[in-house]
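Undergrad: One structure, as structure tokens, below. Some questions next.
The values are calculated or read from the model by the stated rules, or taken from the named source; none is laboratory data. Just so it is clear, the model here is predicted, and its values are computed rather than measured. Cβ coordinates were reconstructed from backbone atoms using ideal geometry, including for glycine residues, and neighbour counts include every protein chain displayed.
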Amino acid sequence: MEAATLEQTRTAEHLAMAEAYGAHNYHPLPVVIESGKGCWVSDVDGRKYLDMLSAYSALNFGYSNERLIAAATKQLNKATLTSRAFHNDQLGPFCRELCELSGYQAVLPMNSGAEAVETAIKMARKWGYRKKGVPANKAKIICAKGNFHGRTTTVISFSTDSQYRDGFGPYTPGFTLVPFGRPEALEKAIRPETVAFLVEPIQAESGILVPPDGYLRRVREICSRHNVLLIADEIQTGLCRTGYRFAWHHDGPEARPDAMCLGKALGGGVVPISAVVADWNVMDVFKPGDHGSTFGGNPLACAVARVAIAMIRDDGLEERARDIGQYFRSRLEAVNAPAVKEVRGRGLLIGVQIKKGFPKARWFCERFMQHGLLCKDAHEDVIRFAPPLVIERSDIDWAMERIAPVLEAAYKEA
């Protein structure tokens, strides 16, 4: 009993400090993680959990990956930051290797996913003025309803989630919204001043919404015909998460975007780094002084990202995500639970939608945590499962022994 009291006190102490001194802009599960290895983490009291969120897909390689940690340690003892006022010996190789991995000609490195999206917006607008001939300050970018591209003032200006917008106006103009998954709506919305369509191949934050097969291929055809850039936000879905190197690959090479926003797993879950990749006929609108970031392309982040790129290229993570993802989905679909409306996703990005009348998705996440499994709700009715790509089938079996009983036992609310 004394040990249990001590554990309760240690966790409670950390939660109380965060509540007292940290801004209340998150509502995390009440677990305080201290360390991790692979897919497993331990809290401050030594309790173990299977992480099935992987920091919103940033930890694709798991915790404490030896190759990534070694790269970071080596670079920490050399140079961590030079700014872009000077070159560093990691930036050029990083850009070349990311181009080779992605199939694009040029890279602009930043730090966060939202910065990559902001960069892509600026690039598209300037391309519209310099290359398409759109009149000054008239450029329009089309986005999909239900999108999540970040939290900056400009990005929330084209969000359809009221909580992301409430109290943060006035909003940045220049955006048009169309339904996700409906290419005919995109074509109808295009105007002479339209410069780009910015879209997630799968809407993760909206509840793992997968568009119809061929959607991006059809979108590509429409954008090409109207001289509109297609920009794919692959920050969560890219780098093998959905069973292919990039999620647009599900629709084949005909769906190739003009540019991609990358982030999260690019830094191996060790350091923040993001990037926009595009061919030179789009990227060349940037001239010295147009755009930048003090930490963008810093040698520490680039050194770690180079190892992450090598692992993506060489370690069979696409096939692993496809194989284990299919196995996980089949196990979830086999659960006989009245609370479950649908299981959907691709690769190891999976959503379990809960029917109306049952507890909200967070209720399930809280109970999974009590059984040693960590995941996150997406909106109020979807449980998101996105474990590190290094997860084993035995880990999935362990998880299902806990997931299935909770789903099956969920009560219907009065």
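Undergrad: Would you list the helices (runs of 4 or more DSSP H) that sit entirely within region 102-169 and hold 1 or more residues that are under 18 Å from VAL282 (Cα atoms)?
TA: So the answer is 113-127.
Undergrad: Could I ask something else about it? Please find, within region 237-253, the residue that is nearest to GLY316 (Cα to Cα) out of those that are of a type in the set (Gly, Ala, Ser) and free of Cβ contacts under 8 Å to residues at least 40 places away in the same chain.
TA: The selected residue is GLY238.
Undergrad: Further, regarding this structure: For region 383-411, enumerate the residues that are buried (at least 23 other Cβ atoms within 10 Å of the Cβ) and either over 15 Å from VAL335 (Cβ atoms) or of a type in the set (Asp, Glu) (or both).
TA: Selection gives ARG384, ALA386, PRO387, PRO388, LEU389, ILE391.
Undergrad: Additional query: In the list VAL276, VAL285, VAL307, which residue meets the criterion of being β-branched (Val, Ile, Thr), surrounded by fewer than 24 Cβ atoms within 10 Å (Cβ to Cβ) and not in a loop (DSSP other than H, G, I, E, B)?
TA: VAL307
Undergrad: Among the numbered criteria (1) surrounded by fewer than 23 Cβ atoms within 10 Å (Cβ to Cβ); (2) not in a helix (DSSP H, G or I); (3) not acidic (Asp, Glu), which single criterion is violated by PRO257?
TA: Among (1) surrounded by fewer than 23 Cβ atoms within 10 Å (Cβ to Cβ); (2) not in a helix (DSSP H, G or I); (3) not acidic (Asp, Glu), the lone unmet condition for PRO257 is (1).
Undergrad: I've got another one for you. Please go through (1) outside any strand (DSSP E or B); (2) surrounded by 17 or more Cβ atoms within 10 Å (Cβ to Cβ) for GLY292 and return the number of the only condition it doesn't satisfy.
TA: (2)
Undergrad: Considering each residue of region 235-250, count those that are touching an Asp or Glu at 6+ places or on another chain (Cβ under 8 Å), buried (at least 23 other Cβ atoms within 10 Å of the Cβ) and either over 17 Å from ALA114 (Cα atoms) or not β-branched (Val, Ile, Thr) (or both), and give that number.
TA: Summing the residues that are touching an Asp or Glu at 6+ places or on another chain (Cβ under 8 Å), buried (at least 23 other Cβ atoms within 10 Å of the Cβ) and either over 17 Å from ALA114 (Cα atoms) or not β-branched (Val, Ile, Thr) (or both) in region 235-250 gives 6.
Undergrad: A further question on this structure: Scanning region 382-414 for residues that are of a type in the set (A, V, I, L, M, F, W, C) and in a loop (DSSP other than H, G, I, E, B), which turns out farthest from LEU239 (Cα to Cα)?
TA: Taking the candidates together, the pick is ALA414.
Undergrad: If you take the residues of region 340-381 that are assigned to a loop (DSSP other than H, G, I, E, B) and among the charged types (D, E, K, R), which of them is surrounded by the most Cβ atoms within 10 Å (Cβ to Cβ)?
TA: In this case the residue turns out to be ASP381.
Undergrad: May I ask you to say which residue of LEU59, LEU76, LEU15 is assigned by TED's automatic domain parsing to the domain that holds PHE168 and modelled with pLDDT of 95 or more?
TA: Only one candidate passes the filter, namely LEU76.
Undergrad: Could you list, in sequence order, the residues of region 8-41 that are part of a helix (DSSP H, G or I) and either surrounded by 13 or more Cβ atoms within 10 Å (Cβ to Cβ) or touching an Asp or Glu at 6+ places or on another chain (Cβ under 6 Å) (or both)?
TA: Across region 8-41, the qualifying residues are ARG10, THR11, HIS14, LEU15, ALA18.
Undergrad: If only one of ARG225, ARG256, ARG241 is more than 20 Å from the chain's Cα centre (by Cα) and basic (Lys, Arg), which one is it?
TA: The match here is ARG225.
Undergrad: For region 44-65, which positions are surrounded by fewer than 18 Cβ atoms within 10 Å (Cβ to Cβ) and in a strand (DSSP E or B)?
TA: LYS48
Undergrad: Scan LYS48, LYS131 and give me the residue that is charged (D, E, K, R) and either free of Cβ contacts under 8 Å to residues at least 40 places away in the same chain or assigned by TED's automatic domain parsing to the domain that holds LEU262 (or both).
TA: Going through LYS48, LYS131 in turn, just one is charged (D, E, K, R) and either free of Cβ contacts under 8 Å to residues at least 40 places away in the same chain or assigned by TED's automatic domain parsing to the domain that holds LEU262 (or both): LYS131.
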